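Remarks on the structure that follows.
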There are 4 protein chains.
Amino acid sequence: MNPYSVILGNLGNTCDRFLSTGYKEPLDKALMVRQAASIPGVKGIELVGTWDIDERNVLEMKKLLGDAGLRCASIIPDVFGQKKWGRGSFTSRDAAIRADAVATTKAMVDVAVELGCGLVNLWPGQDGYDYALATDYIEERSWLLSGLQEVAAYAEGKKVRLALEYKVKEPRNHSYLARAADTLLVAAQCGEHVGITIDTGHAFMAGENVAEMIALLSLSGNRLFHLHCNDNHGAWDDDMIAGSVRLVEYFEMLYWLRRTGYAGWYSIDQYPYREDGHGAVEASVLFIQRLEATLDRVGLAAVEALLAKRDPIATARFVRERLLA
Amino acid sequence: MNPYSVILGNLGNTCDRFLSTGYKEPLDKALMVRQAASIPGVKGIELVGTWDIDERNVLEMKKLLGDAGLRCASIIPDVFGQKKWGRGSFTSRDAAIRADAVATTKAMVDVAVELGCGLVNLWPGQDGYDYALATDYIEERSWLLSGLQEVAAYAEGKKVRLALEYKVKEPRNHSYLARAADTLLVAAQCGEHVGITIDTGHAFMAGENVAEMIALLSLSGNRLFHLHCNDNHGAWDDDMIAGSVRLVEYFEMLYWLRRTGYAGWYSIDQYPYREDGHGAVEASVLFIQRLEATLDRVGLAAVEALLAKRDPIATARFVRERLLA
Amino acid sequence: MNPYSVILGNLGNTCDRFLSTGYKEPLDKALMVRQAASIPGVKGIELVGTWDIDERNVLEMKKLLGDAGLRCASIIPDVFGQKKWGRGSFTSRDAAIRADAVATTKAMVDVAVELGCGLVNLWPGQDGYDYALATDYIEERSWLLSGLQEVAAYAEGKKVRLALEYKVKEPRNHSYLARAADTLLVAAQCGEHVGITIDTGHAFMAGENVAEMIALLSLSGNRLFHLHCNDNHGAWDDDMIAGSVRLVEYFEMLYWLRRTGYAGWYSIDQYPYREDGHGAVEASVLFIQRLEATLDRVGLAAVEALLAKRDPIATARFVRERLLA
Amino acid sequence: MNPYSVILGNLGNTCDRFLSTGYKEPLDKALMVRQAASIPGVKGIELVGTWDIDERNVLEMKKLLGDAGLRCASIIPDVFGQKKWGRGSFTSRDAAIRADAVATTKAMVDVAVELGCGLVNLWPGQDGYDYALATDYIEERSWLLSGLQEVAAYAEGKKVRLALEYKVKEPRNHSYLARAADTLLVAAQCGEHVGITIDTGHAFMAGENVAEMIALLSLSGNRLFHLHCNDNHGAWDDDMIAGSVRLVEYFEMLYWLRRTGYAGWYSIDQYPYREDGHGAVEASVLFIQRLEATLDRVGLAAVEALLAKRDPIATARFVRERLLA
């Protein structure tokens, strides 16, 4: 059974461009950690640089997690949430900013080590572009690759794995790490300990079928390192409760995670703008656990036999008889 | 309990632009009618002009349906499937074609009367445009409106209701009857006996929430006259088995159909390109019936109470506890 | 020649959900007003409630605009940018919030009068929903309509026109005022002095062709009251410089604005997150002016003759010969 | 200056699922070849297996092309347009079909050799899936890879290059060769003489920026082998005249083709359902030639200097001053 984790900020206040103060009130970090720990199955927390963790509060956070019986599931370096990163972190025109992105990520590798955490989840969200005919893609992709190779080498020395998280757009209109396959191309040039994070919502909005991407990453050297779970309506990263929109695709995904031997976290990554954060995260966990239980009951072999039929009518029967009330 | 129906061609061979002969073999119409009749709950058939029905085979078709114990649920005039309609039917530049579209539709009203069917489902699929800066929208929309008003007047005299089916694109890059609200604007200018057909897949690909559109049409003078059921991945009219993609939205839709007193058909409209047509149609019917049974068990009042909470966390619990195995 | 205007905040700092402090530094409002005034053709400013204007700074803003030789093009009431509106303004479950939305809008009508401005642009951006099966659409749409009718009656008494701005999603996953036609249905129930604002980017992301919507609103009682100009990549409200993506559609739109006698503002509404605000707004104005000059040179009659051909090959020739260098 | 080519069928009759006879009348192949030859700059023809070319008419086609002064630009094996391919060609469950796909492609390699053509453009359009939870992705992707490796080995022996054409969906709801990067992953496992075809419309509908993909393929071992040109509205493969929708993206693409030293064909691939085929193809060629002439005038260095600014405002000025009339 894979352990569940939560990105800490999911439990707190969240804003958008029209309401920059956020829709709710800020919550105390200690309370958020306790809330996470109270959800059955949750064993870990992901921490975002600057927002949740920096060099100064490592010990405090270590204690908070320890007291709650939680591990640090990953560190997400902040290379996207400050003004200086606005026109790119690893791909900034400004060499000093690029160096800063590398240094920031290395520092987060160190923090990960201190927290006993073996995974850094790197989302270079500002590395992309907005307008056509305004960017030198070869130069920027080269900067991106060399920067990632440098942090990858550092992480390898510290025995920390690096998971690159892709997203097709937002906050940039086009991202360099946009989809599973292009991110895999980059990871493959960074070493065996560099892999991919699938954020289910990012994949849905890119038009990917998550299950197929899990299979693809498995075929490409077991490169699926981490998983962020949420749901959306298909056109945008709505960051909703898992299962609010998709049932069959979620079940299929869980099957492929098992079949390909994914041993990592099932981490919840939502933006419950207007909902109670604790309740929304718990709802995602409970939905996935429910499908996991069904999968246990049904068995991998039965699903494999279903897939072998390649018959959508048989699949529809399976959905009615095994997934629905 | 609403009766189910099937568009006859769903059970036969279907083609696309790369395989114009179709993916399967043609089936005998009599067999297709018997297959439809064998699906529990199916009480009616929709017939497409030219493809299934014309002035010459009315009696034959009447007998076929009668022998199978089925009613004609609607007639769908062919104003889209012949070369002459390629650049528009009601909006063709050629006045003779426009007159032909009107005459064709009137003839199908007569056929409906002969078959004891009170509904013509009109989909002017070729009435739209492909390129920007190549169409006079005011002229074409005026032609569309006057043509529809003429057939509406004729249908009223024959006591036949007219349901306008909308679709945002395909076969044209932009359709005039594109979404629920713009089609309602047109229907409202045609009389009380002119309403709307929601094809669930057309609505999904337009980014509409079907349940909200049902509510909107109810608020606008009970203008939902007919319903075509299928599913898709959101970007295109994939015409898949109902429930292959969406669960919560389908359940919500069924609730709103009941709450607003929709008394029409639940008609299946798919394109099972590679699947057995009979099996694919049956799978859609069985999925909807399963959700209908759940709705019966839960009761409308319980759903209304849930909606009153406006709390996605409560909704997620409802989905887990009432919809899932 | 229609006058140009700018939403004041376009010239200042803009944030998103990952960078709530914004990508740039805040600018002084007086400077922003002067920057707007320095753009050739710009004669007006749109002011957003709370952000730019409230009951206390009306005289100050009046003087700022007057000194710069600018008019107030519209007031945009803040019914979306404070925590209290987060779960809806006109459609909040809380009757006090709904009353507040009405009162806020009425107050902005009064402010408009004081500023000598005849237009309130109302965007009820929080009035929508995020999840299926979590909302009573009939109840909420009824609240929306009665609230809008109340502010419409008030505005009529003050001789202020009301323009309803639609947007298919963001900040809610589904908005009630989503597209041109559904918003027209609402406006038509509010009176002759209530019309529509087309934000070009909102229309693009809804899959609408703006030119056709201009024709539709013209046919529906000249209901196009206001226009917000920007561009995007089609999938989201990227709020980019006009013309960054679309050329032919923009030219077509300008033709239809002239043909239908649109006499309102060409207002710029962008989010230049990382660009110089002044330069980005000016770039939009200059692009539109360039196409306007081409349209003057070509003449409306020549475009009408082109449209009458309904021939995309002729259109492609026109684009090459008249629009391109 | 790169030579232009045309897919022969673009000039003939085209159908869709609602009008399987096509919107126009069939044309004589010899006439279509002469029409292609009459378009300035067109030096080649692409031939689709079964539709245009098979083992029996090679000499006849060779003479037709020779008489018209045209070369064969590529052969496109028919692994998508017959009933037997309907559930997959290289990924069919049926080993005999998979073997047939391999044999068919090898035969087309031989035909290419006979026609003096060094390029086979392989689009395995039926290799994908429609429904979630109905396919074994690992098995099918393995079949796909081994089949492609077999035909690649054969082509290498014949000194024929293989270009894999990707498309995100249609005719399947999900394709295996869906986007540039995932297709590159496959090509890289097939040898140096296997590369990628970018169909601009396929890339647009996948949300890719074509210029960036050209840069990516250049960085990945010069894997761009072939180019299919057309345009669309972003949501679907509308197969329209180039430049009907996009200007800036097309100009950017031409710059990157030059900068990366692309030496292949500019091939036109449209579906002029309702337009004169000859005129529609010519319109695409003329649009691209017009932008090419502008690029010549401006010079690569000036564009590179613009890109170095990374300033969308400077880009907007460039568009106004250099691209627009």
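The values are calculated or read from the model by the stated rules, or taken from the named source; none is laboratory data. Since this is a predicted model, take the numbers as computed values, not measurements. Reconstructed Cβ throughout: ideal geometry from the backbone, glycine too, with neighbour counts over all protein chains shown. Accessible surface areas use protein heavy atoms only, side chains included; no ligands, DNA or RNA. Shrake-Rupley method; radii C 1.70, N 1.55, O 1.52, S 1.80 Å.
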Scan A:Leu184, A:Leu177 and give me the residue that is without any contact (Cβ under 8 Å) to a residue 60 or more places away in the chain, of a type outside the set (Gly, Ala, Ser) and outside any loop (DSSP other than H, G, I, E, B).
-> A:Leu184
Would you check which residues across the stretch D:248-278 are within 10 Å of chain C (Cβ to nearest Cβ) and open to solvent by 10 Å² or more (accessible area, probe 1.4 Å) and list them?
-> D:Glu249, D:Arg274, D:Glu275, D:Asp276, D:His278
Going by the conditions given, is D:Asn57 at pLDDT below 95 and out of contact with any helix residue (DSSP H, G or I) (no Cβ under 6 Å at 6 or more places or on another chain)?
-> no
Restricting the stretch C:98-151 to residues that are in contact with a Ser or Thr (Cβ under 6 Å, 6 or more places away or on another chain) and in contact (Cβ under 8 Å) with a residue 60 or more places away in the chain, the one nearest to C:Arg71 (Cα to Cα) turns out to be C:Leu119
Give the residue, chosen from C:Glu114, C:Glu60, C:Glu55, C:Glu139, that is surrounded by fewer than 17 Cβ atoms within 10 Å (Cβ to Cβ) and within 22 Å of A:Leu19 (Cα to Cα).
-> C:Glu55
Would you check if A:Val168 is open to solvent by less than 30 Å² (accessible area, probe 1.4 Å), under 22 Å from A:Gly81 (Cα atoms), in contact with a helix residue (DSSP H, G or I) (Cβ under 7 Å, 6 or more places away or on another chain) and assigned to a helix (DSSP H, G or I)?
-> no
Mind telling me which of the residues A:Ile313, A:Ile288 ends up being in contact with an Asp or Glu (Cβ under 8 Å, 6 or more places away or on another chain) and not acidic (Asp, Glu)?
-> A:Ile313
Selected residue (only one of C:Ala314, C:Ala302, C:Ala235 is more than 24 Å from D:Val210 (Cα to Cα), without any contact (Cβ under 8 Å) to a residue 40 or more places away in the chain, out of contact with any Cys (no Cβ under 7 Å at 6 or more places or on another chain) and open to solvent by 10 Å² or more (accessible area, probe 1.4 Å)) | C:Ala302
Quick one: A:Cys117 ticks every box in (1) touching a Cys at 6+ places or on another chain (Cβ under 7 Å); (2) not in a loop (DSSP other than H, G, I, E, B) except a single one, so which number is it?
-> (2)
Over the stretch B:207-224, the set of residues touching a residue at least 40 places away in the same chain (Cβ under 8 Å) and open to solvent by 10 Å² or more (accessible area, probe 1.4 Å) is B:Ser218, B:Leu224
Considering only the stretch D:34-52, state which residues are in a helix (DSSP H, G or I) and crowded, with 20+ Cβ neighbours inside 10 Å.
-> D:Gln35, D:Ala36
Of all residues in the stretch C:282-292, which are within 9 Å of another protein chain (Cβ to nearest Cβ) and open to solvent by 20 Å² or more (accessible area, probe 1.4 Å)?
-> C:Glu282, C:Leu286, C:Arg290
Near pairs, Cβ below 8 angstrom, 6+ apart or cross-chain, from the stretch C:54-67 (outside any helix (DSSP H, G or I)) to any residue that is of a type in the set (A, V, I, L, M) = C:Asp54/C:Val111; C:Glu55/C:Ala107; C:Glu55/C:Val111
What number goes with the only condition from (1) in contact (Cβ under 8 Å) with a residue 24 or more places away in the chain; (2) out of contact with any Ser or Thr (no Cβ under 7 Å at 6 or more places or on another chain); (3) within 8 Å of another protein chain (Cβ to nearest Cβ); (4) charged (D, E, K, R) that A:Lys169 does not pass?
-> (2)
Filter the stretch B:112-147 for residues that are of a type in the set (Val, Ile, Thr) and touching a strand residue (DSSP E or B) at 6+ places or on another chain (Cβ under 8 Å) and give the result.
-> B:Val120, B:Thr135
Any residue in the stretch D:104-111 that is among the acidic types (Asp, Glu), in contact with a strand residue (DSSP E or B) (Cβ under 8 Å, 6 or more places away or on another chain) and under 24 Å from D:Asp269 (Cα atoms)?
-> no
Quick one: what pairs do we get from the stretch A:74-97, first residue more than 10 Å from chain C (Cβ to nearest Cβ) and surrounded by 22 or more Cβ atoms within 10 Å (Cβ to Cβ), second modelled with pLDDT under 95 and not in a loop (DSSP other than H, G, I, E, B), C-beta under 7 Å, 6+ apart or different chains?
-> none
Of a type outside the set (A, V, I, L, M, F, W, C), more than 13 Å from every other protein chain (Cβ to nearest Cβ), under 30 Å from A:Gly88 (Cα atoms) and surrounded by fewer than 21 Cβ atoms within 10 Å (Cβ to Cβ): does that describe C:Asp28?
-> yes
Determine whether C:Leu307 is open to solvent by less than 10 Å² (accessible area, probe 1.4 Å), in contact with a Ser or Thr (Cβ under 8 Å, 6 or more places away or on another chain) and facing chain D (nearest Cβ under 7 Å).
-> no
Going by the structure shown, is A:Lys24 over 15 Å from the mean Cα position of the chain (by Cα), of a type outside the set (S, T, N, Q) and assigned to a helix (DSSP H, G or I)?
-> no
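Okay, residues lined up against (1) within 30 Å of B:Glu25 (Cβ to Cβ); (2) not aromatic (Phe, Trp, Tyr):
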{"residue": "B:Leu217", "(1), (2)": "no, yes"}
{"residue": "B:Asn230", "(1), (2)": "yes, yes"}
{"residue": "B:His233", "(1), (2)": "yes, yes"}
{"residue": "B:Trp236", "(1), (2)": "yes, no"}
{"residue": "B:Ser244", "(1), (2)": "yes, yes"}
{"residue": "B:Leu254", "(1), (2)": "no, yes"}
{"residue": "B:Leu257", "(1), (2)": "no, yes"}
{"residue": "B:Ser267", "(1), (2)": "yes, yes"}
Inspect all residues belonging to the stretch B:6-20 and state whether any of them is basic (Lys, Arg) and either crowded, with 21+ Cβ neighbours inside 10 Å or within 12 Å of another protein chain (Cβ to nearest Cβ) (or both).
-> yes
Return a yes/no flag: does the stretch D:174-196 have any residue that is within 14 Å of another protein chain (Cβ to nearest Cβ) and in contact with a Cys (Cβ under 6 Å, 6 or more places away or on another chain).
-> no
Here are some conditions: (1) surrounded by 21 or more Cβ atoms within 10 Å (Cβ to Cβ); (2) among the aromatic types (Phe, Trp, Tyr); (3) touching a residue at least 12 places away in the same chain (Cβ under 8 Å). B:Tyr154 meets all but one. Which one does it not meet?
-> (1)
